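The values are calculated or read from the model by the stated rules, or taken from the named source; none is laboratory data. Since the structure is predicted, the reported quantities are computational estimates derived from the model, not experimental observations. Please note: Cβ atoms are built from the backbone with ideal geometry, for glycine as well, and neighbour counts cover all protein chains shown.
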Amino acid sequence: MERLRHRADFLSAATGTKVAASAFVLQARKRDEAGPVRVGFTVSRKVGNAVERNRVRRRLREVVRLSDKTGAAGLRTGYDYVLVGRRAALSASFAKIAEEFAGALKKLKNGRAR
């Protein structure tokens, strides 16, 4: 798994499918070339100050890392994923965020995303 780091990659992922959850919005886009899964994380300044934004980002990174480690993630190769953090991720339990992430991936896989 690789990280998205360039603005152009984040913008292209924003044009793909989206699944909204209370703690985040998951954006996914199939790339033209096959390759490893790439994941990016972003949190708006509307969420809070730098400490709060970094806390949300760390929680989202850990959810993705743990789901990838267990193999239950469902992240598909050749795709770019972006998790846009929301303020609710600060107060939500880690288990709830992980459950929402698994549900969002399932929606993407079943084609029920918008």
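Observations
- Taking residues in region 35-54 that are among the polar types (S, T, N, Q), and partners anywhere that are surrounded by 15 or more Cβ atoms within 10 Å (Cβ to Cβ), the pairs with Cβ atoms closer than 6 Å and at least 6 places apart or on different chains are 42/84.
- The listed residue being assigned to a helix (DSSP H, G or I), surrounded by fewer than 15 Cβ atoms within 10 Å (Cβ to Cβ) and modelled with pLDDT under 90, out of 46, 109: 109
- Count of residues meeting criterion [surrounded by 11 or more Cβ atoms within 10 Å (Cβ to Cβ) and in contact with a strand residue (DSSP E or B) (Cβ under 9 Å, 6 or more places away or on another chain)] in region 4-35: 21
- Qualifying positions in region 77-105 - free of Cβ contacts under 8 Å to residues at least 40 places away in the same chain and over 15 Å from residue 61 (Cα atoms): 91
- Criterion violated by residue 82 - all others in (1) modelled with pLDDT of 95 or more; (2) surrounded by 15 or more Cβ atoms within 10 Å (Cβ to Cβ); (3) in a helix (DSSP H, G or I); (4) among the β-branched types (Val, Ile, Thr) satisfied: (3)
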